[in-house]
Each structure stands twice: as C-alpha cells, then as structure tokens.
Amino acid sequence: MKKVHYLFIILPIFLAILILLVSLQSASKSKFVDQTNLTSRKFYVAKEILPDHSLYPVLMAVDRLRLELSDSEKRISLLVSYGNRRLFYGGKLLNKGNQVLAFTTLSKALKYQNQALEENIVLLERKQNNKELEDQTLAFFVLENFDQQMLVIADCRAKFNDEEKIILESLVLQGVSLADKLQRLIQ
C-alpha cells in the first residue's frame, strides 16, 4: 500500500516537471511573424487540456492509472466524470471548428458513459440486495448523467456527417439499452 502512496506523490511532481519543460521548450521555439503576430502552436495555457493539446496524452495516462487503482464504486464515478469531461471537450472542439477530433471525443464520452452503466449493472447483479441506499444513489447518479449526455449529443448531432451520426446513434442505442436494464435493477 505504501507503493501506491509513493506513486501518488511522485506522479504529480513528474507531471509538473514535464509541463514546465514542455512550456519552456514551446516558449523558446515561438517566433514572431511580421513583428506583431506570434505563430500559433498546439501548445497553449488554459484551464483545461483539450484533446488537441500536446499534453493530452499525459492526462489520458493519469486517467487510466486512476481507473486501474480504483475500487468498483469509485471507478464507476470516475467513468462518468471522464465521460462528462470529454463531452464538454467535444463541445469546445466543435466551437473551435475541429469536427473530426470533436467526433472522436464525443464518441469516447459515450463509450465511457456506457462503460459506467455496464459496470454499475455488473456491480448490482453481484450484490444480493439492490435496494440499499448507497447502491441506488450511485445508479441514479449514473442514470442522471446519461440523460444529460443524451441531451447534449442530440444538440451536437446535426454537426456531423451521416457516417458519424450512425456511429453516435449506435452508441446512444447501446446506452439506452444499458440504462433501461440498470433502471429495472434498482426498482
């Protein structure tokens, strides 16, 4: 157990050093164009790291590590959180005009949500009594987030081509089926 604690201490320090090095490297490579405009790069400083950011793979590695080290209930909550974050990022990418990356990000959001639904179903099926308040609270949290994601996806759907709409629709249908099954388990 101490190894896990050390990992959680060392990992943030490593990430901070990596961010610092990348930002210093990026700043040193920037150059002026026409003496007034700075050239644009895919490295930017912002509150969130979108999938078009150079440090996004680091964020994904941290997310995967957190998922692997979590127990069942925490893992389900993390899956919902990651799905919501990618849904938000997908909207931002659509606003930036990056439809291809927005599509992959939104489809990943749906996959995370569907995985959360599926793992919640498995968790409840393993337990004898699905009527416990703790179990129902987690299931309601997952179902509520699923409903919110469906509203956002419905709003974004028109911005994609027919092939992308078909893929999104199949993920939505899979999620609806899983949500119905989860709903039946908690009733």
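The values are calculated or read from the model by the stated rules, or taken from the named source; none is laboratory data. For clarity, every value in this text was computed on a predicted model and none was experimentally measured. A quick note on method: Cβ atoms are made from the backbone with ideal geometry, for glycine too, and the neighbour counts reach across all protein chains shown.
Quick notes on this structure:
- Residue match in segment 86-109 (condition: touching a residue at least 60 places away in the same chain (Cβ under 8 Å), in a helix (DSSP H, G or I) and closer than 21 Å to Glu73 by Cα): no
- Being surrounded by 14 or more Cβ atoms within 10 Å (Cβ to Cβ) and hydrophobic (A, V, I, L, M, F, W, C) is not true of Phe140.
- Out of Gln113, Gln149, Gln174, one residue alone is surrounded by 19 or more Cβ atoms within 10 Å (Cβ to Cβ), modelled with pLDDT of 95 or more and outside the structural domain of Phe8 (by TED's automatic domain parsing). It is Gln113.
- Close pairs from segment 64-82: first under 20 Å from Leu106 (Cβ atoms) and in the same structural domain as Asn114 (by TED's automatic domain parsing), partner polar (S, T, N, Q) and surrounded by 15 or more Cβ atoms within 10 Å (Cβ to Cβ), Cβ under 7 Å, at least 6 apart: Leu79/Gln115; Val80/Gln113; Val80/Asn145
- Scanning segment 121-161 for residues that are among the aliphatic types (A, V, I, L, M) and in contact (Cβ under 8 Å) with a residue 40 or more places away in the chain returns Ile121, Leu123, Leu124, Leu138, Ala139, Val142, Leu143, Val152, Ile153.
- Candidates Glu164, Glu118, Glu169 - the one that is more than 22 Å from Asp63 (Cα to Cα) and touching a residue at least 40 places away in the same chain (Cβ under 8 Å): Glu164
- Conditions (1) over 30 Å from Tyr6 (Cα atoms); (2) of a type outside the set (S, T, N, Q); (3) in contact with a Gly (Cβ under 9 Å, 6 or more places away or on another chain): number failed by Ala116: (1)
- Subset of segment 70-107 (residues that are over 17 Å from Val152 (Cβ atoms) and β-branched (Val, Ile, Thr)): Ile76, Val100
- Out of Ser70, Ser54, Ser77, sole residue that is assigned to a loop (DSSP other than H, G, I, E, B), over 25 Å from Leu101 (Cβ atoms) and modelled with pLDDT of 70 or more: Ser70
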